[in-house]
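Beneath this line is the structure, given in structure tokens, with notes to follow.
The values are calculated or read from the model by the stated rules, or taken from the named source; none is laboratory data. Owing to the predicted nature of the structure, the values given are computational and were not obtained by experimental measurement. Every residue, glycine as well, gets a Cβ built from its backbone with ideal geometry; the counts of neighbours run over all protein chains shown. Just the protein is used for accessible areas: all its heavy atoms, side chains included, with ligands, DNA and RNA removed. Shrake-Rupley method; radii C 1.70, N 1.55, O 1.52, S 1.80 Å.
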Amino acid sequence: MSTPNLLAQTLPILRLTSRRTTGVIALHVRCYTQATAAPLPAGPSRALRTTARRSPLAVHIPKRPFSVSSAVFHGHIQPPKPGEELYVTFIDKEGAEHKFAVSKGDNLLDIAQANDLEMEGACGGSCACSTCHVIVMDQEYYDKMPEPDDDENDMLDLAFGLQETSRLGCQVVMTPELDGLRVKLPSMTRNLQSKDFN
Amino acid sequence: MVLVRFAWARPCVPWRSLNASFSVFTFRSLSTTQSIQSDSSVPAARDGRQFRLAVIGSGPAGFYTAYRAMSKIPDAKVDMYEALPVPFGLVRFGVAPDHPEVKNCQEKFEEVASSPNFTFIGNVSIGTKSDHPDGATVPLASILRHYNAVVFSYGAAKDRKLGIPGEDLKGVYSARQFVGWYNGLPEHANLAPDLTQGEEAVIIGQGNVALDVARMLLEDVDVLRKSDIAEHAIETLSKSKVKRVHIVGRRGPMQAAFTIKEIRELMRLPSVAFHPIDKSLIPPDLKSLPRAPRRLMDILLKGSPTPPSDASNQKSWSLDFLLSPTAFLSSSTDPDHLATTQFARTTLTPSPFDPNAYALPSPPSSSSTTTLPSAITFRSIGYRSTPLPEFAPLGIPFNDRWGVISNDGRGRVRHEERGADAAMAMGAFPGLYCAGWVKRGPTGVIASTMEDAFSTADAIAEDWATRATSGRVVPFLNDDRAPGEVRGWEGVRAEAFTSSSSSRGGAVEKARVVDWEGWKKIDAAERERGRRVGKEREKFTSTQDMLAVLG
């Protein structure tokens with residue numbers, strides 16, 4: 001499969017923002033292509049996903065060394081079937097928007113990591129930390145999601161910049177009702193800036 | 001560029017079957033693609049220098065700082081020093097064994113460690129003489145000679161004391177030591193806490209460490225048995241007679257340091273009862289509270305599904321508020337052993353519902369003191385960082401009162417001092433940074449340490465890049481040395497070897513330095529030991545046993 005063909009096939013469903021460079025477009029193409037080439041069953045249960053995340057290898061997306069593990073080797077982000085794409089937009093800490101076409105069943109942590117967004121997932125998506133905290137932009141979408149359970153709420157209570165529509169990315173699974181979802185990554189808290197001292 | 005990316009993405013094999021050679025290939029590809037990285041504003045080298053960073057301590061603060069610094073400064077070379085032969089600090093020795101999911105962050109740390117730009121230097125203590133006989137010690141001065149920057153992320157290895165009479169009686173333990181003991185920390189492997197002296201246990205302090213200790217005492221041993229808890233802890237806990245646990249605090253529920261997850265876990269323990277809380281300390285109108293305290297108060301009011309009963313075999317616990325410990329008392333029959341803990345009652349001001357309320361001693365009256373029977377008491381009032389011995393001679397500022405290295409909030413070592421014009425100014429310490437508990441004090445979960453470590457790494461990257469952005473140069477260590485002369489671990493090691501005949505070095509020569517491959521061998525041996533007994537891991541609890549794996 002040649003590169004131009006791939007781009008032609010993939011671009012219409014990506015709707016990339018103007019900020020993205022050609023290199024980054026290629027990155028997305030790679031992610032989806034590779035996922036097509038090496039499909040692994042998506043783990044529906046929390047336990048399964050946690051195991052699947054244990055990558056024995058260090059493999060990095062070239063954009064930033066050590067950024068996040070690549071979707072290529074997680075294997076639990078499925079490329080959307082034509083006609084079944086769901087769209088989700090992440091607004092990063094700098095305010096830039098990143099829109100992705102994803103499949104039903106993908107969770108927001110996996111989507112963010114597969115696309116090299118700055119989201120850690122320190123506990124491997126097992127709902128035991130708050131590092132994949134996202135803020136749902138529209139109340140309407142928040143209300144469409146199954147309510148967070150006690151364990152998720154307990155972790156959210158410890159999250160930085162908690163808001164009424166905060167969720168843990170690892171617990172939000174894409175469904176057709178959530179097509180068009182927009183979420184924001186909370187900005188990091190800083191105690192004191194060096195300029196406070198000068 | 002597109003072709004390069006496809007070239008490395010092409011081997012379409014499932015990730016499980018990839019071999020190590022592919023990961024090398026990936027790294028090579030990384031360097032070829034870095035030229036197009038749009039967000040790498042930080043130059044790899046300054047004046048042709050490769051950035052060399054020493055990280056002191058291999059806990060989450062050290063690893064997250066290394067990870068972030070390596071992603072922000074391309075080609076940065078990071079050497080991580082660890083006094084023990086094994087990495088991960090409190091992720092290995094602090095996180096409760098029944099919280100394996102919290103340890104998943106180790107996967108990220110392993111990813112960091114697999115970079116060719118990262119070197120793990122285990123079994124080497126900096127400045128402080130290693131607390132185990134097989135460990136090496138390198139002077140901090142030697143580190144300062146061979147790096148551009150140093151991050152102190154050595155955590156908080158001591159604990160605070162109450163300073164009340166009887167603290168040295170048998171039966172009074174430090175929660176930190178107890179945690180180290182059940183997690184297989186070599187330093188406390190021989191603690192041998194005596195849980196057979198009676199049914200009543202008292203834990204002084206109401207943070208999450210206190211709740212971890214309570215859970216270890218109350219949880220079914222057969223549940224713990226499957227975790228990576230140390231075998232000696234299972235033996236001791238299975239003989240425990242403790243049935244009633246008091247978790248005591250000077251203030252009330254609105255001021256307590258514990259978090260809701262740990263409270264919920266205790267409430268959920270099967271057939272373990274919670275004694276109802278003193279409702280007068282909880283605001284009557286929960287709806288007016290912010291979300292987190294509202295949910296916490298709610299769960300405290302609801303209590304446990306198992307009600308307290310008089311059944312002789314029932315285990316139970318309570319949160320006892322407004323009590324400040326005043327003395328540990330022994331019994332007349334055994335003057336060396338703890339029998340009761342004495343407390344003074346406190347009053348909260350401005351109100352029990354104010355999260356920042358102070359606990360003042362109650363006015364003297366017949367009921368202003370009370371005692372709790374205590375077969376065993378744990379002091380769980382916080383960990384404490386201490387300065388490295390060389391901080392004083394080198395003038396590195398340490399705040400003894402708060403137990404932190406003085407810093408600017410983003411991890412740059414700074415010290416406020418009065419200048420010649422009597423104005424307060426910040427004294428700078430070029431190239432020195434701190435992260436984690438030694439930076440901000442011993443509080444917070446791994447997510448807090450991650451954010452904290454990231455802010456330190458961002459400060460380092462900003463400082464290193466300052467020339468590119470503003471033309472100003474922030475000084476680093478060894479700026480006056482020629483590029484290539486700052487050699488990191490190679491330089492440190494050479495110095496330690498050549499000075500073996502002198503009085504100040506030589507320890508590295510005799511002791512075994514554990515690299516990442518060495519740790520992987522110890523790791524594999526521990527997993528194999530665990531497999532044989534149906535656990536994820538059976539830790540080695542002595543440094544000799546760890547090092548014996550390496551032959």
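Using R₀ = 60 Å, calculate the FRET efficiency as 1/(1 + (r/R₀)^6) where r is the Cβ-Cβ separation of residue A:92 and residue B:336; round to 0.05. Each step should come with its number before you reach the end.
Numbers: r = 62 Å, r/R0 = 1.03.
Step by step, r from the Cβ atoms, then E = 0.45.
Taking a straight line from the alpha carbon of residue B:77, these lysines sit under 22 Å away, with near neighbours fewer than eight places off in the same chain left out: A:63, B:108, B:520.
Each 5 Å bin, from zero up to the one with the longest distance, holds this percent of the alpha carbon pairs of the stretch B:136-185: 4, 13, 16, 17, 12, 11, 12, 8, 5, 2.
Kindly report the accessible area of chain B per residue (heavy atoms of protein chains, probe 1.4 Å, no ligands, DNA or RNA), in Å².
Details: 22980 Å² over 551 residues.
I get 42 Å² per residue for chain B.
Straight-line cross-link reach from residue A:144 at under 16 Å between alpha-carbon atoms covers these lysines, not counting any fewer than eight positions away in the same chain: A:104.
Measuring between their Cα centroids, the stretch B:297-339 and the stretch B:241-277 lie 10 Å from each other.
Using only the Cα atoms of the stretch B:270-353, construct the convex hull and provide its projected area averaged over every direction, in square nanometres to one decimal. Kindly include the intermediate steps, with their values, before the conclusion.
Values: hull surface 33.4 nm².
Approximately 8.3 nm², given one-decimal rounding.
What the pair-distance distribution of the stretch B:132-238 shows, using all Cα-Cα distances binned every 10 Å from zero, is 11, 37, 27, 17, 8, 1 percent. Measure nothing but the geometry: give the 0 to 90° angle between the long axis through the Cα atoms of B:446-470 and the longest principal axis through the Cα atoms of chain B, rounded to 10°. With rounding to tens, the tilt is 30 degrees. Under 5 Å between amide hydrogens, built in the peptide plane, is the criterion, and for residue B:431 it picks out B:477 among residues at least 5 positions away or on other chains.
Here chain B has an Rg and Dmax of 25.8, 84 Å, counting Cα atoms alone.
Can you give the convex hull volume per residue for the Cα atoms of the stretch B:437-493, as a whole number of Å³?
Numbers: hull volume 7.5 nm³, N = 57.
So the per-residue hull volume is 132 Å³.
I need the P(r) histogram for the stretch B:395-551: all alpha carbon pairs, bin width 5 Å from 0 out to the longest distance, whole percents. Spelled out bin by bin, the stretch B:395-551 gives 2, 7, 10, 10, 12, 16, 16, 13, 7, 4, 2, 1, 0, 0 percent.
Using a cut-off of 22 Å between Cα atoms, the listed pairs B:239/B:535; B:161/B:279; B:170/B:239; B:239/B:261; B:158/B:521 include B:161/B:279; B:239/B:261; B:158/B:521 as exceeding that distance. Put the Cα centre of the stretch B:519-541 next to the Cα centre of the stretch B:221-238 and the gap is 15 Å. Relative to the dominant Cα principal axis of chain B, helix B:208-218 is inclined by about 60°. For the stretch B:207-256, the mean projected area of the C-alpha convex hull, equal to one quarter of the hull surface, is 4.1 nm².
Taking both sides together, the accessible area buried where A meets B is about 5500 Å² for a 1.4 Å probe.
Entry note, chain B: relative contact order of 21 percent, from Cα contacts under 8 Å with a spacing of 6+ residues.
Stretch residue B:286-residue B:362 to full length: gain in nm at 0.36 nm per residue minus the Cα-Cα span? Could the numbers behind the result be given before it?
Values: separation 76, 0.36 × 76 = 27.36 nm, distance 2.68 nm.
Taking residue B:286 through residue B:362 to full extension adds about 24.7 nm, to one decimal.
Report, in degrees rounded to the nearest 10, the 0 to 90 angle that the Cα long axis of helix B:489-498 makes with the longest principal axis of chain B. Result, in degrees: 90.
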